[in-house]
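One structure is given below, encoded as structure tokens.
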Amino acid sequence: MILSLKKTMVPVFLLLFFILAGFGIKEQIANNQEKIQLSDEDSVWDIYEKLGKIKINQVNSEIEGVSAEKGKDIIHTGSSSKQNGKGSTGNQSPYFKCTACHNTEKEFSDLSDISAQNRLDYAEDHNLPFLQGSSFYGIINRVTYYNDDYQKKYGHIPIIKASNTDLRKAIQLCATQCAQGRELDDWEIESVIAYYWTLGLRLKDLSLSDNDRNKIEESINQKSKQSEAIQLIEARFLSKSPAHFAEDKAFEKMESSVMENKERFQNGKKIYERSCLHCHKNKRYSFFSLDKSRYSFNNLMTRTKAGGMGSIHKITRHGTWPLAGKRAYMPLYPTEKLSEDQLDDLRIYIENMSEGKDLSKSK
Ligand code: HEC
Ligand code: HEC
């Protein structure tokens, strides 16, 4: 009797076991499907979407022939294959490539500290040019363009005003005004945006603390506190490139202790090499040639003392204007792109070099 009860109980237990185990597995599968683990390569926009933010500046892929490769070619070489893929378009500008004034790499170790010196140090460590325009890296994570003094000073010009909040207009404005070239077609602008999407910020760029990263992960998985999570991300980079212009200052004699400061000389040298020579060496983007000869430094120093448009104080703060018809011009440096201290460092370098004193070689 007892034996037969045991015998019938075995299949019942087994059945119960399988049912329970089955539930367990089902639950595990459900959990695994939901739990999202963030990885370094995740794009900031994908994380935003998971937190409920609506994407802006999406590529309109209904336009025929749009591709990130074409956009990349336009930015780096000035032309691309045509909309139908056959042959090549004409050059966008006879004077410039977009990369004359814009990098396409990350420019800061900490994207929430965009000081000009942080940018120069990063350029030195990563062998990048140091330019007047902001990098296209992370541009799809920014929401306004031609900010602050660009708007204050030129906001009365309709396309500059419109460019403040419209990336497509900002691209067209820069193609025709900065690069002094032809207008881009709509498929070309869309291709540039498609390329920009390949340069979007990634999670690793934000250098989040483990704690903050966990909070963001939790927020996604539990679908709670999304706006707090978004704020944690937003605190780690700027959603615009600030731009403040400075007045040019008059030439004044510098104290010899300042003039002999090797660190400042070295900093000025970096600016000269990574910025001025980027465009002026061998007349790459300009008819005015600069190099590291005594002649170049003397020329700059004489004009700086004279205080005319060729003075380094005037040229950096005002740039030049495209005079009478289309031609190359030099954009000004906002203080975010060249600080007042850095401009002094540049002067210290140029003045010493014009006197044959290379402080990087002296003990
Ligand atoms: C001669 C220099 C120069 C050239 C060439 C140039 N740009 Fe610019 N561009 C600038 C400057 C200066 C700004 C000012 C705002 C900034 O970048 O911070 C700017 C701004 C922009 C902005 C808005 C960026 C922002 O965050 O405010 C976009 C987009 C842009 N340029 C696209 C282009 C494209 C596309 C090309 C090539 C077709 C190009 N630029 C060529 C100098 C240049
Ligand atoms: C984005 C490219 C670019 C950069 C960077 C640049 N320049 Fe220029 N610069 C030009 C262009 C273009 C002109 C206009 C002259 C021409 O070619 O017609 C010019 C003009 C000048 C002139 C006036 C030349 C003349 O004949 O009157 C001086 C001086 C000058 N630049 C110095 C500098 C110094 C110093 C730096 C670094 C702080 C610098 N430039 C950085 C492109 C650039």
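The values are calculated or read from the model by the stated rules, or taken from the named source; none is laboratory data. Being a predicted model, the structure only gives us computed values, none of them experimental. Every residue, glycine as well, gets a Cβ built from its backbone with ideal geometry; the counts of neighbours run over all protein chains shown.
Among the residues of the stretch 301-333, the one identified as modelled with pLDDT of 85 or more, within 26 Å of the chain's Cα centre (by Cα) and of a type in the set (G, A, S) is G319.
Taking every residue in the stretch 179-199 that is outside the structural domain of P94 (by TED's automatic domain parsing) and pairing it with any residue that is within 16 Å of ligand 2 (Cβ to nearest atom), at least 6 positions away or on another chain, yields no pair with a Cβ-Cβ distance below 6 Å.
Scanning the stretch 129-156 for residues that are in a helix (DSSP H, G or I) and acidic (D, E) gives a single hit, D149. Taken as a whole, the stretch 254-269 holds at least one residue that is under 22 Å from I114 (Cβ atoms), among the small types (G, A, S) and under 26 Å from the mean Cα position of the chain (by Cα). Here is the figure for the stretch 219-236: residues that are assigned to a helix (DSSP H, G or I) and surrounded by fewer than 14 Cβ atoms within 10 Å (Cβ to Cβ) total 4.
For the stretch 195-218, the tally of residues that are part of a helix (DSSP H, G or I) and touching a Gly at 6+ places or on another chain (Cβ under 8 Å) stands at 3. Here I159 clears all of (1) assigned to a helix (DSSP H, G or I); (2) near ligand 1 (Cβ under 9 Å from one of its atoms); (3) of a type in the set (V, I, T) except the condition numbered (2). Here E263 passes the criteria (1) over 22 Å from N127 (Cβ atoms); (2) loosely packed, with under 14 Cβ neighbours inside 10 Å except the one numbered (1). Scanning the stretch 78-128 for residues that are in a helix (DSSP H, G or I) and closer than 17 Å to E190 by Cα gives a single hit, C98. Residues in the stretch 344-354: is at least one near ligand 2 (Cβ under 10 Å from one of its atoms) and under 22 Å from N103 (Cβ atoms)? Within the stretch 344-354, one or more residues are near ligand 2 (Cβ under 10 Å from one of its atoms) and under 22 Å from N103 (Cβ atoms).
Residues to consider are A68, A100; find the one that is away from ligand 1 (no atom under 13 Å from the Cβ), of a type in the set (A, V, I, L, M, F, W, C) and under 30 Å from E336 (Cα atoms).
So the residue among A68, A100 that is away from ligand 1 (no atom under 13 Å from the Cβ), of a type in the set (A, V, I, L, M, F, W, C) and under 30 Å from E336 (Cα atoms) is A68.
Does G308 meet the test of being among the small types (G, A, S) and either within 15 Å of ligand 1 (Cβ to nearest atom) or in contact with a Phe, Trp or Tyr (Cβ under 8 Å, 6 or more places away or on another chain) (or both)? When the stated conditions are applied, G308 does not pass them.
Check whether at least one residue in the stretch 273-293 is charged (D, E, K, R), farther than 30 Å from A179 by Cβ and outside the structural domain of R182 (by TED's automatic domain parsing), and report yes or no. No; the residues of the stretch 273-293 include none that is charged (D, E, K, R), farther than 30 Å from A179 by Cβ and outside the structural domain of R182 (by TED's automatic domain parsing). Exactly one residue out of A235, A229 is assigned by TED's automatic domain parsing to the domain that holds H102 and over 27 Å from S163 (Cα atoms): that is A229.
Determine which member of the set S79, S135, S93, S115 is more than 30 Å from I54 (Cβ to Cβ), of a type in the set (S, T, Y) and crowded, with 18+ Cβ neighbours inside 10 Å. Full working, then the answer.
Working: S79 fails: crowded, with 18+ Cβ neighbours inside 10 Å; S135 fails: more than 30 Å from I54 (Cβ to Cβ); S115 fails: crowded, with 18+ Cβ neighbours inside 10 Å.
Sole residue among the options that is more than 30 Å from I54 (Cβ to Cβ), of a type in the set (S, T, Y) and crowded, with 18+ Cβ neighbours inside 10 Å: S93.
Applying the selection to the stretch 154-173, what residues are of a type outside the set (A, V, I, L, M, F, W, C) and modelled with pLDDT of 95 or more? Hits for the stretch 154-173 are K161, S163, N164, T165, D166, R168, K169, Q172.
A quick yes/no check of all residues on (1) more than 27 Å from Y150 (Cα to Cα); (2) more than 9 Å from ligand 2 (Cβ to nearest atom); (3) of a type in the set (S, T, N, Q):
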{"position": "F251", "(1), (2), (3)": "no, yes, no"}
{"position": "N261", "(1), (2), (3)": "yes, yes, yes"}
{"position": "I271", "(1), (2), (3)": "no, no, no"}
{"position": "R284", "(1), (2), (3)": "no, no, no"}
{"position": "K305", "(1), (2), (3)": "yes, yes, no"}
{"position": "H313", "(1), (2), (3)": "no, yes, no"}
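Of the helices (runs of 4 or more DSSP H) lying entirely inside the stretch 271-320, the ones with 1 or more residues being in contact (Cβ under 8 Å) with a residue 60 or more places away in the chain and of a type in the set (D, E, K, R) are found at 294-306, 312-318. Can you tell me which residue in the stretch 266-297 is surrounded by the most Cβ atoms within 10 Å (Cβ to Cβ), limited to those that are away from ligand 1 (no atom under 16 Å from the Cβ) and among the small types (G, A, S)? Among those that are away from ligand 1 (no atom under 16 Å from the Cβ) and among the small types (G, A, S), it is G268.
The C-beta contact set for the stretch 82-97 (first residue among the β-branched types (V, I, T), second residue part of a loop (DSSP other than H, G, I, E, B), distance under 6 angstrom, 6+ apart or interchain) comprises T89/S79; T89/S80; T89/K82.
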